[in-house]
Amino acid sequence: MATDSTDEHAAFSDSFRVTHRRIRQSVMGWCFKPMPESKLIDHCVEIGIEGIEGIDAKFYPEAVQKGLKIALVSSHGFGNGPTDRSNHALCIEKLKTGIDTAVRFGAPSVITFTGMRVPDMLDATADQNCLDCWKQVIEYAEEKKITLVLEHLNSRDDSHPMKGHPGYYGDDVDHCIDLVKKMDSPRFKLLFDIYHVQIMNGDIIRRIRAYHPWIGHYHTAGNPGRCEMDEHQEIYYPPILKEILATGYQGFVAQEFIPNWKDTVRSLRHGAWVMDVA
């Protein structure tokens, strides 16, 4: 497990603040629980991070008032997505509510998921179920100028309920891109989670190059373990982040790692340093 007792990054300091701002950084709030949302908001502001997501919407006004942007709005969960038609009414309601919330707070995107595999259901049926559900929302998203982003998740890691999602249907990023293309809307894109893609598919930079027209949001974390983006994990982030910039992407890239370091604020500051590429 990584610790912050010794730091192998000589250039990183405890006084670091974001300076280059080429990557529009966001932070996924759930990763830092039990830190209160208000404290996380304050730390993000102090470090110079631009956005926040994955916090209860009741904290959105405070985040905005303190100078943060809401980078991504929640909707239905990954466990009750539209692969199962019995979830469609809930998914549609949550997505439309999320769109309204995004408009209210100036957020660009709302997250969606495929949901879990349904026993004995053919992939073609699951695909059609998802498309049928999203097509009941996409005109509303287009009207409101909000992008729905489909998150690809890994189904391999069963060590922790938020490090992997066994049984998740959208666990192949190439398949998720096919679903995005079938939606055929500028307001329906992929949430490219680098951590999950590394586990399930790999070849991250080449996939970013190939898929960037259909990518609407990025998440990051170290692998294995959904840890800090430090020297104890296998993904080397600087060239990945530079490739994202080379594609012309102008949206948010969110830190979504679960801190292992004893000082979680230092962990957050280190993540901001890694992502603040020159």
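Annotations
- Tail weight of P(r) past 16 Å, computed on alpha-carbon pairs of region 58-114, percent: 44
- Of all DSSP beta bridges confined to the chain, the antiparallel ones make up roughly 5%.
- Largest to smallest accessible area among 229, 162 [probe 1.4 Å]: 162, 229
- At 0.692 mPa s and 37 °C, Stokes D of the chain from Kirkwood alpha-carbon radius, µm² per second: 174
- Size of electric dipole in region 1-150: Cβ of Lys, Arg +1 and of Asp, Glu -1, about Cα centre, debye, nearest 20: 440
- Within region 124-240, all pairs of alpha-carbon atoms sorted by distance into 5 Å bins from zero give the percentages 2, 11, 20, 22, 18, 14, 8, 4, 1.
- Simple label model, 7 Å out from Cα along Cβ direction - residue 14 to residue 42, nm: 1.8
- Pairs of alpha carbons in region 178-278 whose separation is greater than 17 Å (percent): 51
- Only lysine pairs 8 or more places apart, or on different chains, with alpha-carbon atoms under 22 angstrom apart are counted in region 102-223, and they number 12.
- Counting only protein heavy atoms and using a 1.4 Å probe, the accessible area of residue 37 comes to about 40 Å².
- Contact order normalised by residue count of region 131-278, Cα under 8 Å, 6+ apart, percent: 19
- For the chain, the longest principal axis of the alpha carbon atoms and the long axis of helix 173-183 meet at an angle near 50°.
- Ligands, DNA and RNA excluded, the heavy atoms of residue 14 present near 90 Å² of accessible surface to a 1.4 Å solvent probe.
- Mean sequence separation of contacting Cα pairs (under 8 Å, at least six apart), scaled by the length of region 190-235, corresponds to a relative contact order of 42 percent.
- Using R0 = 25 Å, the C-beta based FRET efficiency linking residue 125 and residue 174 works out to 0.85.
- The chain - percent of accessible surface contributed by carbon and sulfur, probe 1.4 Å: 49
- Heavy-atom accessible area per residue - the chain, 1.4 Å, Å²: 43
- Its relative contact order, with pairs defined as Cα atoms under 8 Å and 6+ residues apart, puts the chain at 22 percent.
- Relative to the longest principal axis of the Cα atoms of the chain, helix 123-134 runs at roughly 80 degrees.
- Region 227-278 and region 35-58: distance between their alpha carbon centers, rounded to Å: 16
- The tail of the calculated P(r) for region 1-148 beyond 23 Å holds 49 percent of all Cα-Cα pairs.
The values are calculated or read from the model by the stated rules, or taken from the named source; none is laboratory data. All values reported here derive from a predicted model rather than from experimental measurement. Here the Cβ is made from the backbone with ideal geometry for all residues, glycine too, and neighbour counts use every protein chain on show. Heavy atoms of the whole protein, side chains included, go into the accessibility calculation; ligands, DNA and RNA do not. Shrake-Rupley method; radii C 1.70, N 1.55, O 1.52, S 1.80 Å.
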